[in-house]
Each structure stands twice: as C-alpha cells, then as structure tokens.
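S.K.: Pasting a structure here, questions to come.
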Amino acid sequence: MIELIQDYWLYFLVGQYPNGPLGGLTLTVLLSGAALVLAMPLGLVLGVVRVSPWRVLAWPVAVLVQVVRALPLLLVVFWAYFFLPAVTGVKTGQATTMLMTLVLFDAVYLAEIVKAGIDALPRGQHEGARSLGLSYGQALRLVILPQALRHVSPSLVSQLVATIKATSLGYIIGLSEVSFIATQVNTLVFTKAVEVYIVLALTYFILCFGLSRLAFLLERRLNRRPAPSEFRHDPA
C-alpha cells in the first residue's frame, strides 16, 4: 500500500493537473466547498420564506423542498447532464453539472436547517423584537437569524460532510473526483484493487470524520454556553 501511495499520490491528489483537468481529492474538496458556499444564500432565503407568514410564498417553497428531497441525487445528476442539454441545446461540463446539482440539493437541505433553527428559538424573541418597534424584516435580520445560524452551525458542518460524500456520484458522468481517480489507478495497477479502495476509504474517513468531530465540538461548545436568561446582571 505504501508503494501504491508513493507512485500515485500526486495523481490521487490533483488528477492530471496541470497537464489536464483538475481532479482527485482537490476537486472533491473544492467542489464540495463551492457548492455549500453558493447554496448558503439560496438556502437562507428559502428557509426564511418557509417560516414567513405569507402563505402565497411559503407553500410553493415547501413544495419545492419536498419534491427535491424526495428525488435521488443520482437521478437529478442524470437529468442535468443528459436530459437538459437535449431540451435546451446547452451542454455543460461534468464539474459544472455536478456543481449545479449539489447547489440545488444543498440549498434545499440548508433551507430545512435554517427553518429548524428559527423554529427552535423561543417565540418571545420575535415578539420582543417587534415590541421594540422593529419591522418583521428587521427583527429577522437583527435578532432571529443571528441566533438561529449560531445554533445550526454544527448542522452546516454536517451538511458539508454529506456534500463531500455526494460528489462521488460524479463518477457516473466521468467527473474526475477522488473515487473516479481511484478507479483509474485500480485499472492501471489491476492487481491491487483492495489496496486502492482501502486508500480511498481511508481518505473519505479522515476527511469526513474530521469534519464530523468539528461539528460535535461546535455543538458541545454551544451547549455549554448559558442561555441569555441565565446571565446574572449586577444591580445598577
């Protein structure tokens, strides 16, 4: 296994770059991070709309969220790569297709995370903000969302872990992410399939386990912080 890593570590890390397209572990990490960053504004908007009092906006978003969550990501990747170009006449590359698909799915799941964070706050937070003369939008922006996003930060890290694992589905459209590169290395050496896929499994494990531990530490740190009502104020 050591010899395998010594011979193919660079290919495993960046694919054919700089003599070809970027791939391997670097592409997996960049694609996952970019998908989550691009999906966060959309997920935030969808999550806020989900809890808004305007049903004419909340219901369509709720339907969109439920439909996307009910579809397998693999099916959406197929549609985006094979079906949409046939309809629109515009063909996108493997990385762009996978990025758009991941952004859609991440946005939907982030919307549910944001919604859960807002719903978990005491109702008095919103009522107190409104009693101070803040509008609905101001109360949401200045009072509700900062608290909600702080509490759901471990879930955001967990969503990044899920996105990293989801990039492996890019294999079916020829995206040279880390699992695709591992398969190519296995084809080259042919007799070391066990070693190749053990290295792949360890790569995913180290990356995802590290992020999962980060999410756990964030959650434990947040749970240790006292609630606002627990703070003692010295009398003036």
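Where a number appears in this text, it was derived from the coordinates with a stated rule and is not lab data. None of these values were measured; they are calculated from a predicted model. Don't worry about glycine lacking a Cβ; one is built from the backbone with ideal geometry, like all the others, and counts go over all protein chains shown.
S.K.: Sort 92, 187, 28 by Cβ crowding within 10 Å, fewest neighbours at the top.
M.R.: Sorted ascending by nearby Cβ count, the order is 187, 92, 28.
S.K.: Using only the alpha-carbon atoms, how far is helix 24-50 inclined from the longest principal axis of the chain? Give it as 0 to 90 degrees, nearest 10.
M.R.: The answer is roughly 30 degrees.
S.K.: What Rg and what Dmax come out for region 82-168 when only alpha-carbon atoms are used, in angstroms?
M.R.: 18.3, 55
S.K.: Calculate one ³J(HN,Hα) per residue across region 149-163 by plugging θ = phi - 60° into the Karplus curve 6.51 cos²θ - 1.76 cosθ + 1.60, and present them in order as whole Hz with x for glycine and proline.
M.R.: 5, 5, 6, 9, 4, x, 5, 5, 5, 5, 5, 5, 4, 4, 5
S.K.: If you take the beta carbon distance between residue 222 and residue 66 as r and set R0 to 41 Å, what does 1/(1 + (r/R0)^6) give as a FRET efficiency, to the nearest 0.05?
M.R.: FRET efficiency, residue 222 to residue 66: 0.90.
S.K.: Separate question: Enumerate the calculated ³J(HN,Hα) couplings along region 175-188 in order (Karplus 6.51 cos²θ - 1.76 cosθ + 1.60, θ = phi - 60°), each rounded to whole Hz, writing x wherever the residue is Gly or Pro.
M.R.: 6, 7, 6, 5, 6, 5, 5, 4, 5, 5, 4, 4, 5, 5
S.K.: So, one more: Excluding residues on the same chain fewer than 8 positions from residue 192, give the lysines whose Cα lies under 29 Å from its Cα.
M.R.: 165
S.K.: Then there's this: Quick one: plug the Kirkwood hydrodynamic radius of region 87-228 (C-alpha pairs) into Stokes-Einstein at 20 °C, 1.002 mPa s, and report D in µm²/s.
M.R.: Result for D is 116 µm²/s.
S.K.: If neighbour count is taken as other Cβ atoms inside 10 Å, put 49, 29, 90 in order from fewest to most. Don't skip to the answer; put the middle values down first.
M.R.: On the way: 49 20, 29 16, 90 7.
Sorted ascending by nearby Cβ count, the order is 90, 29, 49.
S.K.: For a quick protection proxy, order the peptides 140-153, 209-222, 163-176 by their average other-Cβ count within 10 Å, most packed first.
M.R.: Ranking, from highest mean packing down: 163-176, 140-153, 209-222.
S.K.: A follow-up question, please. What distance in nm separates the simple spin-label points at residue 88 and residue 209, each placed 7 Å from Cα in the Cβ direction?
M.R.: 4.0 nm
S.K.: In nm, to one decimal, how far is the modelled label at residue 132 from the one at residue 75, with both set 7 Å along Cα→Cβ?
M.R.: 4.6 nm
S.K.: Another one. For region 85-93, just list the computed ³J(HN,Hα) in residue order, Karplus coefficients 6.51, -1.76 and 1.60, θ = phi - 60°, integers in Hz, with x standing in for Gly and Pro.
M.R.: Once rounded to whole Hz, the list reads x, 5, 8, 8, x, 10, 9, 9, x.
S.K.: OK, next. When the distances between all Cα atoms of region 126-172 are binned every 5 Å from zero, what whole-number percent does each bin get?
M.R.: Result, from short to long distances: 5, 19, 16, 12, 11, 10, 9, 7, 6, 3, 1 percent.
S.K.: Give me 82, 12, 190 ranked fewest to most by other Cβ atoms within 10 Å of their Cβ, as a rough exposure proxy.
M.R.: Ranked by crowding around the Cβ, least crowded first: 190, 82, 12.
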